1. What is the Cα radius of gyration of the stretch A:83-150 over 2.2 N^0.38 Å, N being its residue count?
2. With all protein chains present, how much of the accessible area of chain A (probe radius 1.4 Å) comes from carbon and sulfur, to the nearest whole percent?
3. In sequence order, what are the phi-derived ³J(HN,Hα) couplings for the stretch A:86-99 according to the Karplus relation 6.51 cos²θ - 1.76 cosθ + 1.60 with θ = phi - 60°, rounded to whole Hz, with x for glycine and proline?
4. At 222 nm, what value in deg cm²/dmol follows for chain A if DSSP H runs of at least 4 each add -39500 (n - 2.57) and the sum is divided by all its residues, to the nearest 500?
5. Taking K and R as +1 and D and E as -1, what net charge do the other residues with C-beta under 9 Å from the C-beta of B:HIS17 add up to?
6. Compute and list, largest first, the equivalent-ellipsoid semi-axes of chain B from the alpha carbon gyration tensor, each √(5λ) rounded to a whole angstrom.
7. Please give me the summed charge of the neighbours of B:GLU139: other residues whose Cβ is under 13 Å from its Cβ, Lys and Arg +1, Asp and Glu -1.
8. For the protein assembly as shown, what is the per residue volume of the convex hull drawn over the alpha-carbon atoms, in cubic angstrom?
Protein chains: 2
Amino acid sequence: MKELKIQPIENGTVIDHIAAGNAIKVLHILDIPKGHSSIVSVAINVKGHLGKKDIVKIENRELDPREVNKIALISPKATINIIRGFEVADKFKVKLPKEIIGIVRCSNPTCISNANEPVKSRFKVISQDPSKIQCYYCEREPDDIVKRII
Amino acid sequence: MKELKIQPIENGTVIDHIAAGNAIKVLHILDIPKGHSSIVSVAINVKGHLGKKDIVKIENRELDPREVNKIALISPKATINIIRGFEVADKFKVKLPKEIIGIVRCSNPTCISNANEPVKSRFKVISQDPSKIQCYYCEREPDDIVKRII
């Protein structure tokens, strides 16, 4: 089955060290396949140095900081490799900023950020790994962040 | 990025010629990654002889007929390759039987199969590609089969 070997990509992004089983959530964050027609390859439950992991490889696309922050929330150990001309042009570990704004919906239904006011959700990042965040307005710490990503 | 080449598998299943963009639905049908820890690789929007397609490759797993029928419903052109000892032991195109039972929920809320009676859903297959089915009890033809797969 030679056709199944996935070749290195010329330009694009490789997201490595995704927590095992989370690759499909990463695709969902990146609106794949719905919003994009580029070639994507995914490996689930492969062996890495630190146990099982997932990998997502996307041709001809680089991620914006908002997308990187969402990936950091669900997979704090992920690394992003930017590929240009078959070379790794940049490589970095995802890292959440001190605050994330407009990325996660607060789990408190009475929070001002859920009140149809012109107020974007705003969270303080209190832990990178595991990712823990706390609402700037009501101090609620949402337990299931993945489901609350906007 | 040598680590990203996906090698041929020793034992397992390759689902080829999945309609482009439908690989994630196939994973959902197969309860991946939730129910399984085996290595899975996915290629989305790759070039095939007949245009773009998706491929799903699962190590150390062979599909049961019920799973194959579900794949046939969402991707009538898919082919299943059973791999044993690095060789293609069997290869076939998915094909729906004349009737499918207990696989799709009827879209008619008043259908007997939706009435908490001990009656399994039962559909006549009226077209393989595109897949069209008709309820044996109420004759309704569900339009969005994918969402109704049980």
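1. Details: Rg = 15.1 Å, N = 68, 2.2 N^0.38 = 10.9 Å.
Relative to the 2.2 N^0.38 Å estimate, the stretch A:83-150 comes out at 1.38.
2. Numbers: 4020 of 8120 Å².
Answer for chain A is 49 percent, counting heavy atoms of protein chains only.
3. Each residue of the stretch A:86-99 in turn: 6, 10, 6, 7, 7, 9, 8, 7, 4, 8, 7, x, 5, 9 Hz.
4. Values: 3 runs with 21 residues, N = 150.
That comes out to -3500 deg cm²/dmol.
5. With Lys, Arg at +1 and Asp, Glu at -1, the neighbours total +1.
6. Numbers: eigenvalues 195, 49, 38 Å².
In descending order, the three semi-axes are 31, 16, 14 Å.
7. Details: positive: B:ARG122, B:LYS124, B:LYS132, B:ARG140; negative: B:GLU141.
Taking every other residue near B:GLU139 into account, the sum is +3.
8. Working: hull volume 49.3 nm³, N = 300.
Per-residue hull volume (Cα only) is 164 Å³.
The values are calculated or read from the model by the stated rules, or taken from the named source; none is laboratory data. Keep in mind that this is a model prediction, so the values were computed, not measured. Cβ atoms come from the backbone with ideal geometry, glycine included; neighbour counts cover every protein chain shown. These area figures cover heavy atoms from the full protein model, side chains too; ligands, DNA and RNA do not enter into them. Shrake-Rupley method; radii C 1.70, N 1.55, O 1.52, S 1.80 Å.
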